[in-house]
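The values are calculated or read from the model by the stated rules, or taken from the named source; none is laboratory data. For clarity, every value in this text was computed on a predicted model and none was experimentally measured. Ideal geometry is used to build each Cβ from the backbone, glycine not excepted, and the neighbour counts take in all protein chains shown.
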Amino acid sequence: MNITEKILSKYLKREVNPGEIIETEVDLAMSHDGTSPPAIKTFEKVAENVWNPHKIAIVFDHNIPANTIGSAEFHKVARAFAKKQKIEKLFTHGEGICHQVLPEKGLVEPGMIIVGADSHTCTYGAFGAFSTGMGSTDVAMIYATGKTWFMVPESFKIEVNGQLNLNTCSKDIILKIIGEIGADGATYKACEFTGNVIENLDVSGRMTICNMAIEMGAKNGIMEPNQDTLDYLSLRCGKKINELKIFKSDKDSFYEKEFYFDITDMEPQIACPNDVDNVKDISKVEGTHIDQGFIGSCTNGRLEDLEQAAEVLKNHKVHDDVRLIVSPASSEIYKKAIEKGIIETFINSGAIVCNPGCGPCLGGHMGVLSAGEVSISTTNRNFKGRMGDPNSEVYLANAGVVAASAIKGLIENPKNI
């Protein structure tokens, strides 16, 4: 069996096969301020008490601070529910985006089965966990029972070899992969990422790649933890590395399809409107006018992304016709960025630095686009109307490209700054 199949088989204590429908226990369930109230509404129709308050996490990140009366009501409902159910893993004070906060707080370990009422829950595959997004109704039933069902997915093996250059990073790798496989090319598949590039990526880069597995339709993205990941997990979880339960694919594992990428000569990649798989080399879109840049989100709001952007912005100014918005993925990252002088660099350049959260990514607040405006963003989606008006446009890129573009007022390669 491969990693995904082994994890899904752990509570059944037998081998599982692709296409088989199984019922399994869940190790951690999560919802955020946008999805908790619908889940709570359904939960209260079927149960009085959650199955295990210690295995539930609720994070306020999509609309924090509350930007509408509706958002404030959602927060009120979720707070009351958590208090009633004695849910201690409640993060309501701007700790950050759920997919960054849960690993930081030591709630994610290899081999876990994690579900979340958010499509980018697949991020935790970077730590060797099976993690996937679900609707609020499904999560409500898990809150009540601690169990759910899956069809065991077929698996894709995606091998990435070569060498990243100065201006490319994990965001470019995953955009390249999505551009090749397609937005629906991996629907309900387990995407297992391997190869020398993956083996050598830091935790941040691995999270970025697994985060965007859903953008090609995958049920989950997953990687075998490398040494950097194990060191991170040991520190966060308070366990010795040999105490972590690590699953590895067997050498004779079967994969429905195998893909091979050599990224040695890869340019920075840009996902063009209005599809994540509409991916082009930056040289094909350089010079495109922009009105806004955004650096943040659960995909690329980590310290490494902020460092990459700050290096480009140092001693430069954001173009007069552009607004550059920066939102660290968590308060921990925010504090480290302050200590390193990164936030000062952003402010000196003319960027607007916001509290950790999801707001601009989903067109919620702190950066909504009007009709005809164009944004270049480190986020994970560029669907029509994703960041505001349906007649606006969104390009996706790495943090360095966003920073360079904000300086020029046009899509620009950082090597030219």
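Hey, can you tell me all the residues within the range 263-286 that are closer than 22 Å to residue 310 by Cβ, outside any helix (DSSP H, G or I) and among the hydrophobic types (A, V, I, L, M, F, W, C)?
270
For residue 402, state whether it is under 26 Å from residue 280 (Cβ atoms) and in contact with a Lys or Arg (Cβ under 9 Å, 6 or more places away or on another chain).
For residue 402, the condition - under 26 Å from residue 280 (Cβ atoms) and in contact with a Lys or Arg (Cβ under 9 Å, 6 or more places away or on another chain) - is not met.
Cβ-Cβ under 8 Å, sequence separation 6+ or interchain: first residue in the range 1-27 and in the same structural domain as residue 112 (by TED's automatic domain parsing) and exposed (fewer than 15 other Cβ atoms within 10 Å of the Cβ), partner in a helix (DSSP H, G or I) and of a type in the set (Asp, Glu). Which pairs?
Between residues of the range 1-27 that are in the same structural domain as residue 112 (by TED's automatic domain parsing) and exposed (fewer than 15 other Cβ atoms within 10 Å of the Cβ) and residues that are in a helix (DSSP H, G or I) and of a type in the set (Asp, Glu), the close pairs are 15/5; 17/5.
What tally of residues in the range 287-303 results from selecting those that are surrounded by 19 or more Cβ atoms within 10 Å (Cβ to Cβ) and either of a type in the set (D, E, K, R) or in a loop (DSSP other than H, G, I, E, B) (or both)?
3
Are any residues in the range 42-58 in a loop (DSSP other than H, G, I, E, B) and among the acidic types (Asp, Glu), and if so, which ones?
Once the filter is applied, which keeps residues that are in a loop (DSSP other than H, G, I, E, B) and among the acidic types (Asp, Glu), the range 42-58 yields only 48.
Residue 379 - would you say it is at pLDDT 95 or above and touching a Cys at 6+ places or on another chain (Cβ under 7 Å)?
Yes: the conditions hold for residue 379.
Only one of these conditions is not met by residue 288: (1) in contact (Cβ under 8 Å) with a residue 24 or more places away in the chain; (2) closer than 22 Å to residue 207 by Cα; (3) not aromatic (Phe, Trp, Tyr). Which number is it?
Condition not satisfied by residue 288: (2).
Do we find that residue 24 is polar (S, T, N, Q), assigned to a strand (DSSP E or B), more than 16 Å from residue 358 (Cβ to Cβ) and more than 23 Å from the chain's Cα centre (by Cα) in this structure?
yes
Taking residue 57 as meeting all but one of (1) within 23 Å of residue 150 (Cβ to Cβ); (2) in contact (Cβ under 8 Å) with a residue 60 or more places away in the chain, write down the number of the exception.
Single failed check for residue 57: (2).
Working carefully through the options 335, 314, find the one that is surrounded by fewer than 18 Cβ atoms within 10 Å (Cβ to Cβ), modelled with pLDDT of 95 or more and closer than 17 Å to residue 401 by Cα.
Only one candidate passes the filter, namely 314.
Can you name the residue in the range 172-194 that is β-branched (Val, Ile, Thr) and closer than 21 Å to residue 225 by Cβ and is also nearest to the chain's Cα centre (by Cα) among such residues?
That would be 174.
Checking residue 242 against (1) assigned to a helix (DSSP H, G or I); (2) within 18 Å of residue 108 (Cα to Cα); (3) out of contact with any His (no Cβ under 7 Å at 6 or more places or on another chain); (4) at pLDDT 95 or above, which test does it fail?
Looking at each condition in turn, residue 242 falls short on (4).
Give the residue, chosen from 162, 116, that is within 22 Å of residue 229 (Cα to Cα) and surrounded by 24 or more Cβ atoms within 10 Å (Cβ to Cβ).
116
May I ask you to list pairs of residues, at least six apart or on different chains, whose Cβ atoms are under 9 Å apart, with the first in the range 124-140 being more than 13 Å from residue 5 (Cα to Cα) and the second being part of a helix (DSSP H, G or I) and of a type in the set (Asp, Glu)?
Within 9 Å, the pairs are 140/44.
With respect to the numbered conditions (1) surrounded by fewer than 19 Cβ atoms within 10 Å (Cβ to Cβ); (2) closer than 30 Å to residue 384 by Cβ, which one is the sole condition not fulfilled by residue 208?
(1)
Determine whether residue 39 is of a type outside the set (Val, Ile, Thr), part of a strand (DSSP E or B) and crowded, with 18+ Cβ neighbours inside 10 Å.
Here the answer is no, as residue 39 does not meet what is asked.
Test residue 99 against the stated conditions and say whether it is farther than 25 Å from residue 16 by Cβ, crowded, with 19+ Cβ neighbours inside 10 Å and either out of contact with any strand residue (DSSP E or B) (no Cβ under 7 Å at 6 or more places or on another chain) or among the charged types (D, E, K, R) (or both).
Considered against the rule, which asks whether it is farther than 25 Å from residue 16 by Cβ, crowded, with 19+ Cβ neighbours inside 10 Å and either out of contact with any strand residue (DSSP E or B) (no Cβ under 7 Å at 6 or more places or on another chain) or among the charged types (D, E, K, R) (or both), residue 99 comes out as yes.
When you scan the range 267-285, do you find a residue that is in contact (Cβ under 8 Å) with a residue 60 or more places away in the chain, in contact with a Ser or Thr (Cβ under 8 Å, 6 or more places away or on another chain) and farther than 16 Å from residue 212 by Cβ, even just one?
Yes, the range 267-285 contains at least one residue that is in contact (Cβ under 8 Å) with a residue 60 or more places away in the chain, in contact with a Ser or Thr (Cβ under 8 Å, 6 or more places away or on another chain) and farther than 16 Å from residue 212 by Cβ.
Tell me whether the range 197-204 contains one or more residues that are crowded, with 24+ Cβ neighbours inside 10 Å, on the phi < 0 side of the Ramachandran plot and of a type outside the set (A, V, I, L, M).
No, the range 197-204 has no match at all.
Here's the yes/no breakdown for (1) of a type in the set (Val, Ile, Thr); (2) more than 23 Å from residue 211 (Cβ to Cβ); (3) touching a Pro at 6+ places or on another chain (Cβ under 9 Å):
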{"residue": "307", "(1), (2), (3)": "no, no, no"}
{"residue": "311", "(1), (2), (3)": "no, no, yes"}
{"residue": "357", "(1), (2), (3)": "no, no, yes"}
{"residue": "368", "(1), (2), (3)": "yes, no, yes"}
{"residue": "377", "(1), (2), (3)": "no, no, yes"}
{"residue": "382", "(1), (2), (3)": "no, no, yes"}
{"residue": "402", "(1), (2), (3)": "yes, no, no"}
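Would you be able to say whether some residue in the range 164-176 is closer than 25 Å to residue 377 by Cα, among the acidic types (Asp, Glu) and assigned by TED's automatic domain parsing to the domain that holds residue 56?
Checked the range 164-176: at least one residue is closer than 25 Å to residue 377 by Cα, among the acidic types (Asp, Glu) and assigned by TED's automatic domain parsing to the domain that holds residue 56.
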